[in-house]
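The values are calculated or read from the model by the stated rules, or taken from the named source; none is laboratory data. In this text the structure is predicted, and so the values were computed from the model without any measurement. Backbone-built Cβ (ideal geometry, glycine too); neighbour counts: all protein chains shown. Only protein heavy atoms, including side chains, enter the accessible area calculation; ligands, DNA and RNA are left aside. Shrake-Rupley method; radii C 1.70, N 1.55, O 1.52, S 1.80 Å.
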Number of protein chains: 2
Amino acid sequence: MSIDALQERIRKLKNPVMLGLDPYLPILPPHIVKDAYAAHGQTVQGAAEAYYRFCTELLDRLCGLVPAVKLQSACFEGLGADGIAKMQAISRYAKERGYYVLIDSMRGDVGSVAEIYAQAMFGTVPVGETAHKLYECDALTVNGYLGSDGIKPFLPYCKHEGKNIFMLLKTSNKSSREVQDLLSGDRVVYTAMADLAMRWSDGLFGKYGYSELGAVVGATFPQTMKLLREKYDRLFFLVPGYGAQGGTAKNVQFAFDRFGHGAIISASRSIICAWQKEGSDGTDYLDFAYQAAEKMKNDISKYVVIL
Amino acid sequence: MSIDALQERIRKLKNPVMLGLDPYLPILPPHIVKDAYAAHGQTVQGAAEAYYRFCTELLDRLCGLVPAVKLQSACFEGLGADGIAKMQAISRYAKERGYYVLIDSMRGDVGSVAEIYAQAMFGTVPVGETAHKLYECDALTVNGYLGSDGIKPFLPYCKHEGKNIFMLLKTSNKSSREVQDLLSGDRVVYTAMADLAMRWSDGLFGKYGYSELGAVVGATFPQTMKLLREKYDRLFFLVPGYGAQGGTAKNVQFAFDRFGHGAIISASRSIICAWQKEGSDGTDYLDFAYQAAEKMKNDISKYVVIL
């Protein structure tokens, strides 16, 4: 897609919620795990099949409600090759259903290594005279600690292929202050990172004014978010930390501009594990997920009107 | 292993060189690629088979010369599930031949997600009543930008399982200064990161005085390396950037303590692509790799005596 297409999808559905898929055996509904073991045994492949069913059923159910999905790469990497095969398949599945697909891998490498990675995620892998598409991926999270050399390999895809990257600025976890909040002159590390994001955004602004290079800003620091929104009014924000981590609708209102644009709010556990709170046996987990996602949309709409 | 075991292996072989395996089709000897395509077609699986042959032949040839190996995760991720399957297999292959195995994935995530990742790389993946070992991995590179929450999930494995993590402090690429060299009070970001590494090392020091939590310090900044070695004399250094990136034996001498301990120097392209410089057809790439690795060992030994 592109940052414009993401914004248009959010406006069409009047919903800035991103579904976070962080599959992990202990949080899966028991019937899904049981069926997978019955078919494949207690194997890594069986676990991967359970992930696939869980994620694709959620994608089917929330299609039309939620504009975008975030795949947590580490969860799939946690099952090795079987997990990665399913991450590839789920990215394609999500794309076919119209979702904007972000893969949350927080990569940070440099030079040819970053190029190989960018090509695999955003482009096609050349093998002899053939080319192979592994993923359907609109966006990646990236870690800018290594500087330009780690970011530049992704920028041609942002400029020419409608892809996006979201740089970590201020993450939602409590200890993010240890490095990210270090003072440096009249800046802190995360504003220095934002300044770099603006520098690298040269030539990458879409028609609604936002850069194809966005930023990750945690929902758990509303004042920081407010300051960043004011100062960096051309960086689209990906906001994790809603729900289970403590971010609220009231907090995340500051991520948006006065038109209700410029941000998407991701939530994983509060949606995909919603069934666990209610004494459900998990067979109705899709209903709980739908209700949780709808409630999140409604809660945010009390503070943010998307024009 | 453990940081002590790594040090002992380096001392035994009198060699602080780490073989970097960054496979990528354009750098593979043509006969390997040709054979793989003949067997598997021009497919992603064919490419992965070529990677596997290339890496395992190098591991066989350099066994007994080089104590440790670094697998560049992004190269394998660049082939999706097929690449990851081979990274798992190559880690086991390397382990069987006695190498200390580092997987260079530069991860930085938090909480349960980091725990899932740490478990998959260092431990076993629980599936029902079974447990599955995906990798034989002694060490990982990690990115500390997210603070304690991103590092702590790895520490129990460092303390109890003989595993190591190497935190990025000052990387070898030119633009590393953009973030890592930002001044903050009387520190820069990378020394602040080193201070955190020391704080997290509490209880993790081996019998030779080095922490199980090491640091990545690029070979391309010798003065920085010297200062870091003096100030952080209990952090073991993993030093990338030798050879192709411009680091020299003269530069890397500063990574070692006065006993020639406390550092390992990684090189990838200058060893695995050594055949490309000489007008070879690639069939003798193993000889070139061996000679390059031996030369690197000898060059370093002019400046560093390992006691």
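List the number of the failed condition for A:Leu227; all other conditions in (1) closer than 19 Å to A:Gln7 by Cβ; (2) open to solvent by 20 Å² or more (accessible area, probe 1.4 Å) hold. Of the numbered conditions (1) closer than 19 Å to A:Gln7 by Cβ; (2) open to solvent by 20 Å² or more (accessible area, probe 1.4 Å), the odd one out for A:Leu227 is (1). Just so you know, in the range B:146-198 the residues that are touching a residue at least 12 places away in the same chain (Cβ under 8 Å) and of a type in the set (Val, Ile, Thr) include one that is surrounded by the fewest Cβ atoms within 10 Å (Cβ to Cβ), and it is B:Thr191. The combined condition, being among the basic types (Lys, Arg), touching a helix residue (DSSP H, G or I) at 6+ places or on another chain (Cβ under 8 Å) and touching a residue at least 60 places away in the same chain (Cβ under 8 Å), is fulfilled by B:Lys207. When you scan the range B:104-118, do you find a residue that is open to solvent by 10 Å² or more (accessible area, probe 1.4 Å), closer than 28 Å to B:Lys12 by Cα and more than 17 Å from the chain's Cα centre (by Cα), even just one? Within the range B:104-118, not a single residue is open to solvent by 10 Å² or more (accessible area, probe 1.4 Å), closer than 28 Å to B:Lys12 by Cα and more than 17 Å from the chain's Cα centre (by Cα). Of the numbered criteria (1) modelled with pLDDT of 95 or more; (2) part of a helix (DSSP H, G or I), the one B:His261 fails is (2). Inside the range B:270-307, residues that are of a type in the set (Lys, Arg) and at pLDDT below 95 make up a count of 1.
Could you please let me know if B:Met121 is within 10 Å of chain A (Cβ to nearest Cβ), open to solvent by 10 Å² or more (accessible area, probe 1.4 Å) and closer than 18 Å to A:Ile84 by Cβ? The answer is no for B:Met121.
Within the range B:184-242, restricting attention to residues that are of a type in the set (Lys, Arg) and more than 14 Å from every other protein chain (Cβ to nearest Cβ), the residue that is nearest to B:Glu8 (Cα to Cα) is B:Lys207.
If you go through the range A:85-101 and keep only what is open to solvent by less than 10 Å² (accessible area, probe 1.4 Å) and either under 14 Å from A:Ala120 (Cα atoms) or of a type in the set (S, T, N, Q) (or both), you end up with A:Met87, A:Ser91.
Those strands (runs of 3 or more DSSP E) of the range B:116-230 in which 3 or more residues are touching a strand residue (DSSP E or B) at 6+ places or on another chain (Cβ under 7 Å) and modelled with pLDDT of 95 or more occupy B:139-142, B:164-170, B:213-217.
In the set A:Tyr285, A:Tyr303, which member is among the hydroxyl-bearing types (Ser, Thr, Tyr), open to solvent by less than 70 Å² (accessible area, probe 1.4 Å) and in contact with a helix residue (DSSP H, G or I) (Cβ under 9 Å, 6 or more places away or on another chain)?
Answer to the check: A:Tyr285.
Of all the numbered requirements in (1) within 25 Å of A:Gly150 (Cβ to Cβ); (2) surrounded by fewer than 24 Cβ atoms within 10 Å (Cβ to Cβ), B:Pro23 misses one, and that requirement is (2).
Scanning the range A:269-282 for residues that are open to solvent by 40 Å² or more (accessible area, probe 1.4 Å) and in contact with a Gly (Cβ under 6 Å, 6 or more places away or on another chain) gives no hits.
For the range A:48-75, residues that are of a type in the set (Val, Ile, Thr) and either under 26 Å from B:Gly128 (Cβ atoms) or within 14 Å of chain B (Cβ to nearest Cβ) (or both) total 1.
When restricted to residues that are in contact with a strand residue (DSSP E or B) (Cβ under 6 Å, 6 or more places away or on another chain) and under 30 Å from A:Ser301 (Cα atoms), the range A:10-46 contains 7. The set of residues from the range B:221-252 being of a type in the set (Ser, Thr, Tyr) and either on the phi > 0 side of the Ramachandran plot or touching a helix residue (DSSP H, G or I) at 6+ places or on another chain (Cβ under 7 Å) (or both) comprises B:Tyr232, B:Tyr242. Among all positions in the range A:126-133, there is at least one residue which is open to solvent by 40 Å² or more (accessible area, probe 1.4 Å), at positive phi and touching a helix residue (DSSP H, G or I) at 6+ places or on another chain (Cβ under 8 Å). Tallying residues that are within 15 Å of B:Leu6 (Cβ to Cβ) and surrounded by 22 or more Cβ atoms within 10 Å (Cβ to Cβ) within the range B:199-224 yields 7. Here's a check for you: in the range B:29-53, which residue that is open to solvent by less than 10 Å² (accessible area, probe 1.4 Å) and touching a residue at least 60 places away in the same chain (Cβ under 8 Å) is farthest from B:Asp287 (Cα to Cα)? Residue satisfying both the conditions and the ranking: B:Ile32.
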